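Q: Mind looking over this structure? Questions follow.
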Amino acid sequence: MDDKRERLKSFFYKVKDCRQCDLHSGRTRFVFGSGSATAELMFVGEAPGRNEDIQGLPFVGRAGKILDDLLGSIGMNRKEVFIANVLKCRPPANRDPKLEEIDTCKEYLFKQINIIDPKIICTLGKYSTQLILDTSHGITGLRGKVYCKDGRTILPINHPAAILYNPTRMEILQNDFLRIKNIMDSGYRTGPHPAERNEEGDHEADNENDDSEQLGLF
Ligand code: URA
């Protein structure tokens, strides 16, 4: 347990001064991620925004408040989970991550996942979902369905910042958090990644409206 903490800490010291892409020149702080090194549940967002860049912590702005509230709604808090992003440095003016930036930075996230070894990864929005599931499919089709990859449960959901622009999506997010809780309570039943079940390698998703049947697949 302490071993994971030590490994994560030493990984942080190894990479925190990264200069592998141009984003380093505009950053205030490298945003490694925060939370428990032994978390069973990990969240992966897109990239630090302004507040995150200043504080060096993920999800501390308005989207972070939503994430905290959603965690609270299932009786959890951010100390019990690990929160990271696809990119560790803020893109200028919060623009979308570029493919080459993701390509350069992704090994940091993969190493964090490798050390923490979470049972469930909840991807927040398009960029983390596409990276973790290794797909080019859009978030709309993938969201709310349960995948299994490398023995982990992957649950893509909407990015909390989407609520800031479209509050009607809050109920969807709340239900997706209940789904996280159900998966954790059910002991993380797992099965093959959809691509492994489908000869075409398609990420064809399961029926999102039927949790029990969906989990029964595993
Ligand atoms: N949005 C993200 O994707 N990550 C953060 O850390 C903050 C906002």
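Q: If you line up the long axis of helix 99-116 against the longest principal axis of the chain, both from Cα atoms, how many degrees apart are they, to the nearest 10?
A: Computed tilt is about 70 degrees.
Q: Can you give me the angle between helix 2-15 and the longest principal axis of the chain, using Cα atoms only, in degrees from 0 to 90, rounded to the nearest 10?
A: Approximately 50 degrees, to the nearest ten.
Q: Next question. For 81, 86, what ranking results if the residue with the fewest other Cβ atoms within 10 Å of its Cβ goes first?
A: Final ranking by Cβ density, sparse to dense: 81, 86.
Q: How large is ³J(HN,Hα) for each residue in the stretch 142-153, as worked out from phi by the Karplus curve 6.51 cos²θ - 1.76 cosθ + 1.60 (θ = phi - 60°), to whole Hz, x for Gly and Pro?
A: 9, 4, x, 9, 10, 10, 10, 9, 6, x, 10, 7
Q: With the contact rule set at Cα under 8 Å and sequence spacing of 6 or more, what percent relative contact order holds for the chain?
A: Normalised by residue count, the contact order of the chain is 19 percent.
Q: Next question. If you build the convex hull over the alpha carbons only and average its shadow over all orientations, what do you get for the chain? Give it in nm² to one decimal. Spell out each step's value before the answer.
A: Values: hull surface 45.9 nm².
For the chain, averaging the hull's shadow over all directions gives 11.5 nm².
Q: While we're on this one: Which links in 14/145; 9/145; 14/65; 126/149; 79/119; 14/181 stretch past 28 Å when you go from one Cα to the other? Numbers along the way, then the final one.
A: Working: 14/145 35 Å; 9/145 33 Å; 14/65 30 Å; 126/149 17 Å; 79/119 16 Å; 14/181 34 Å.
Table pairs above 28 Å Cα-Cα are 14/145; 9/145; 14/65; 14/181.
Q: Testing the spin-label approximation: label points 7 Å from Cα along Cα→Cβ at residue 171 and residue 9. State their distance in nm.
A: Taking the two extended label points, one gets 4.7 nm.
Q: Something else: Dividing the Cα radius of gyration by the Kirkwood radius, what Rg/Rh value follows for the stretch 45-126? Don't skip to the end; give the middle numbers.
A: Working: Rg = 13.0 Å, Rh = 13.5 Å.
Using Cα coordinates only, the ratio equals 0.96.
Q: Quick one: Karplus J couplings for the stretch 127-132, per residue in order, coefficients 6.51, -1.76, 1.60, θ = phi - 60°, nearest Hz, x for Gly and Pro?
A: With the stated coefficients, the stretch 127-132 comes to 5, 6, 5, 5, 5, 5 Hz.
Q: To continue, here is another question. Given the Cα-Cα distance of residue 29 and residue 184 and 0.36 nm per residue of separation, how much length would full extension add, in nm?
A: Taking 0.36 nm per residue and subtracting the Cα distance, the gain is 52.5 nm.
Q: Given the Cα-Cα distance of residue 55 and residue 137 and 0.36 nm per residue of separation, how much length would full extension add, in nm?
A: Extending this stretch completely gives an extra 26.2 nm.
Q: Then there is this: Quick one: which residues, 5 or more positions from residue 85 or on another chain, have an amide H under 5 Å from its amide H? H modelled 1.01 Å from N in the peptide plane, none for Pro or chain starts.
A: Amide H to amide H, under 5 Å and 5 or more residues apart or across chains, residue 85 pairs with 45.
Q: In addition: Rank 139, 66, 172 by mean-square fluctuation in a GNM of the chain with C-alpha springs under 10 angstrom and give only the top-ranked residue.
A: Result: 172 has the largest fluctuation of those listed.
Q: Say a site is exposed when it is one of the trypsin sites (Lys or Arg not before Pro), sits in a DSSP loop, and has at most 13 other Cβ atoms within 10 Å; what is then the longest site-free stretch of the chain?
A: 96-188
Bear in mind that the values in this text are calculations on the coordinates, not laboratory data. Just so you know, these numbers come straight off a predicted model, no measurement behind them. Neighbour counts run over all protein chains shown; Cβ positions are idealised from the backbone, glycine included.
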